[in-house]
Amino acid sequence: LPPPPNEVTQISTYPALERGLYDGDVTYAQLAQAGNFGIGTFDGMDGEMIALDGKFYQARYDGSVLVADSSLETPFATVTFFWPEQHLELAAPLTSYDLLKAYLAKVAPPANRPYAIRLNGRFSYVKIRSIPRQSEPFPPLADVIAQQVTWEQGGIQGTLVGWWFPQYLSALNAPGYHLHFLSDDRQVAGHL
């Protein structure tokens, strides 16, 4: 049977992640049954996850990008079977993340439901991050993010994958935009 349209599967909640619940309990083989597109992380917060076209990628702290083994587990992920409702082309380049968010709000006005977002293109500049694997006892997410490593890249082809969640769903996921980047050559990836 084909998957139901507009169904979102989420593993755990963002508040749980904020509090340091990083033990994975769903394998990527299981997650693939729920979606072929989305974002998340890995057991112990071992990097950023990008699901694109049915493959799961792991953007590691050392800058490497791996295809995730199906036996790896996730403590937090948001996925869907991606069926775009809109196909748009920009008339002119957007020069900042704020302009991108304003454009997205214009073409897909915030509503009472989450939006899956996929943007393909050439990016004149991206700043991305990843985080190191954590050990127990797990620190809160704010402390983990303080350990992040960032990279800046210019003139790169790639895809932004992610979500917009409304404020009223903040008990489930971070409200607003949450995007990860994956380069077309699958060599550069991370949290935007």
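The values are calculated or read from the model by the stated rules, or taken from the named source; none is laboratory data. Please read these numbers as outputs of a predicted model, since none were measured by experiment. Glycine also receives a Cβ, built like all others from the backbone with ideal geometry; neighbour counts cover every protein chain displayed. In case anyone asks, the SASA skips ligands and DNA or RNA and just uses the protein heavy atoms, side chains included. Shrake-Rupley method; radii C 1.70, N 1.55, O 1.52, S 1.80 Å.
For the peptides 133-146, 56-69, 165-178, residues were scored by their other Cβ atoms within 10 Å and the scores averaged per peptide; the highest-first order is 56-69, 165-178, 133-146.
Placing a label point 7 Å from the Cα of Glu7 along the Cα-to-Cβ direction, the residues of region 100-126 whose backbone N falls under 18 Å from that point are 114-116. Loop-located GluC sites (Glu not before Pro) across region 85-162 with a Cβ neighbour count of 16 or fewer within 10 Å are Glu85, Glu89, with loop assigned by DSSP. Mind checking which of Leu160, Leu119, Leu99 has the largest fluctuation in a GNM of the chain, springs on alpha carbons under 10 Å? Residue with maximal mean-square fluctuation among Leu160, Leu119, Leu99: Leu99. Distance from the alpha carbon centroid of region 127-192 to that of region 66-107 works out to 12 angstrom.
If only the Cβ of Lys and Arg carry +1 and only the Cβ of Asp and Glu carry -1, the dipole of the chain around its Cα centre is close to 540 debye. When all protein chains stay in place and ligands, DNA and RNA are ignored, the 1.4 Å accessible-area order of Lys55, Lys106, largest first, is Lys106, Lys55.
Since only Gln134, Ala171, Tyr115 are under comparison, the one whose Cα sits farthest along the positive direction of the charge dipole of the chain, derived from C-beta charges on Lys, Arg, Asp and Glu, is Tyr115. Just checking my list (i) 15.8, 50; (ii) 18.8, 64; (iii) 16.9, 48 against Rg and Dmax of the Cα atoms in Å computed from this structure; which label fits? Calculated Rg and Dmax of the Cα atoms in Å: the matching label is (i).
Shape call for region 110-182 from the C-alpha gyration tensor, a ≥ b ≥ c root eigenvalues: rounded (a/c under 1.5), prolate (a/b greater than b/c) or oblate? Note, shape of region 110-182 comes out oblate. In the chain, Cα pairs under 8 Å separated by at least six residues give a relative contact order of 26 percent.
Carbon-plus-sulfur accessible fraction, the chain (probe radius 1.4 Å, protein heavy atoms only): 53%.
A 1.4 Å probe run over the protein chains yields, for region 53-103, 65 Å² of accessible area per residue, whole-number rounding. A Förster radius of 22 Å, combined with the Cβ-Cβ distance separating Ser64 from Ser135, puts the computed FRET efficiency at roughly 0.65.
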